[in-house]
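Trainee: Questions regarding the structure given below will be posed in turn.
None of the figures in this text is laboratory data; all of them are computed from the coordinates on show. Note that the structure is a prediction, hence the values are computed from the model and not measured. We place every Cβ from the backbone using ideal geometry, glycine too, and count neighbours over all the protein chains shown.
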Amino acid sequence: MATNFNTSLEFVDGHHRGGSPVKVSVRQVNAWFGTKQALRDVSLDIYGAEVTAIIGASGCGKTTLLKCLNRINETIPSFRMTGEILLDGHSVFDPDVEVGHLRRRFGWVAQMPNPFPWSIRENVAYGARIHGIVRGEAETGALVERLLRRANLWDEVKDILDEPGTSLSGGQQQRLCIARALSTEPDVILMDEPCSALDPTATARVEALIEELRRQFAIVIVTHNMQQAARISQRTAFFHLGALVEAGDTEDIFVRPRTELCGRYVTGRFG
């Protein structure tokens, strides 16, 4: 496709670096809920120390793919899947894989901020405690401070750690949920439209946090915000009707898409 699109978008770092290792490999994945097929022969590599944005119209399979990675879809009786998913080169479906331990390796941040109805401190500490990562008050306190600092939230909540997490603003709650997602020491962070319920100021803070975190984690973010995908991701994958239409460097997807369908979507002509 010769035409250039979306040249006004801001690409902070819209290119994959060749030295980044493949963290997750999705190979020929098909997925169904009952008789309805949600994913169609999807193959995609997700790299460490990068943000991969997944874009596409509602109902195209974006969140289904996220929930295939951590095997959460398996809790739905009507769900079935074929294909392969590798984490660090090893199948997530290997019989020796303990599902609870696997899910611990994937941090999850939902669309709506959803802190537990507990204190700020307990929101952060709970996952690490039940997985045996921390023991005792000293270890727990150190972990809570470290993760709240990591989420750029410590200075705002250090004097109210025993207040409910639900008492915070929406943007603070989402950063608390990100701190909670980090508490199980994951390898990959999965984010399902994490800024859709936030105002522009809170969104900017979360995006800045994502940029910091991706230096250590592979991050996969589902977003309907094209400007956000351009700003924060190194690679973008465009889905349509359950199929992966195009994937590559974010700047290429938005400026030099290879398919007419992708070009129409990123310029707002459908979806």
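Trainee: As I understand it, the value is the acute angle between the Cα axis of helix 136-150 and the longest principal axis of the Cα atoms of the chain; what does it come to in degrees, rounded to 10?
Mentor: Relative to the chain, helix 136-150 is tipped by roughly 40 degrees.
Trainee: Want the number for R269 to D187: 0.36 nm per residue separation, take away the alpha-carbon distance, what's left?
Mentor: Details: separation 82, 0.36 × 82 = 29.52 nm, distance 3.63 nm.
This chain segment gains 25.9 nm when fully extended.
Trainee: Right, another one. Can you tell me the relative contact order of the range 83-234? Whole percent, Cα pairs under 8 Å, sequence separation 6 or more.
Mentor: Numbers: 199 pairs, mean separation 45.8, N = 152.
RCO, the range 83-234: 30 percent.
Trainee: Whose amide H sits under 5 Å from the amide H of E246, counting only residues 5 or more places off or on another chain, with H placed in the peptide plane?
Mentor: Those lying under 5 Å, H to H, from E246 are F238.
Trainee: Oh, and also: Using DSSP to define loop residues, name the trypsin sites (Lys or Arg not before Pro) in the range 191-263 whose beta-carbon has at most 11 other beta-carbon atoms within 10 Å.
Mentor: Details: sites: R205, R214, R215, R231, R235, R258; in loops: R214, R215, R258.
The qualifying sites are R215.
Trainee: Kindly rank 46-55, 59-68 from highest to lowest mean number of other beta carbons found within 10 Å of each residue.
Mentor: Answer by packing, highest mean first, reads 46-55, 59-68.
Trainee: Moving on to the next point. Mind pulling up the Rg/Rh value for the chain? Radius of gyration and Kirkwood radius, both on Cα.
Mentor: Numbers: Rg = 18.7 Å, Rh = 19.2 Å.
Rounded to two decimals, Rg over Rh is 0.97.
Trainee: Using only Cα atoms and rounding to the nearest 10 degrees, what angle (0 to 90) does helix 200-213 make with the longest principal axis of the chain?
Mentor: 90 degrees
Trainee: Evaluate the distance, in nm, between pseudo-label points positioned 7 Å from the Cα of R17 and of D88 along their respective Cα→Cβ axes.
Mentor: Output for this residue pair reads 2.1 nm.
Trainee: So what are the radius of gyration and Dmax for the Cα set of the range 142-254, in Å?
Mentor: Looking at the range 142-254, its Cα Rg and Dmax stand at 15.3, 49 Å.
Trainee: Let me ask you something else. As a test, work out the antiparallel percent of DSSP beta bridges whose residues both lie in the chain, rounded to the nearest 5. Please report the intermediate quantities before stating the final value.
Mentor: Working: 25 of 42 bridges.
Roughly 60 percent of the beta bridges in the chain run antiparallel, per DSSP.
Trainee: What whole-number distance in Å separates the alpha-carbon centres of the range 46-72 and the range 187-240?
Mentor: First find each Cα centre; the distance between them is then 11 Å.
Trainee: For the residue pair F33 and S196, what label-to-label distance in nm results when each label sits 7 Å from Cα along the Cα-to-beta-carbon direction?
Mentor: Here the answer is 1.3 nm between the modelled labels.
Trainee: Right, next: Go through the range 110-116 residue by residue and turn each phi into a ³J(HN,Hα) via Karplus (6.51, -1.76, 1.60, θ = phi - 60°); whole Hz please, and just put x for glycine and proline.
Mentor: Coupling constants for the range 110-116: 8, 4, 9, x, 9, x, 5 Hz.
Trainee: Okay, moving on. Largest first, please: the extent of the C-alpha atoms of the range 112-185 along each principal axis, to the nearest Å.
Mentor: Cα extents, longest axis first: 30, 24, 20 Å.
Trainee: Explain nothing, just compute: Karplus ³J(HN,Hα) = 6.51 cos²θ - 1.76 cosθ + 1.60, θ = phi - 60°, for every residue of the range 31-39 in order, whole Hz, x for Gly and Pro.
Mentor: These are the phi-based 3J(HN,Hα) values: 9, 9, 10, x, 8, 8, 7, 9, 10 Hz.
Trainee: For the chain, please report how many Lys pairs fall under 20 Å Cα to Cα, leaving out neighbours fewer than 8 apart on the same chain. Before the final figure, lay out each step's value.
Mentor: Numbers: K23/K62; K23/K67; K36/K62; K36/K67.
Lysine pairs satisfying the spacing and distance rule in the chain number 4.
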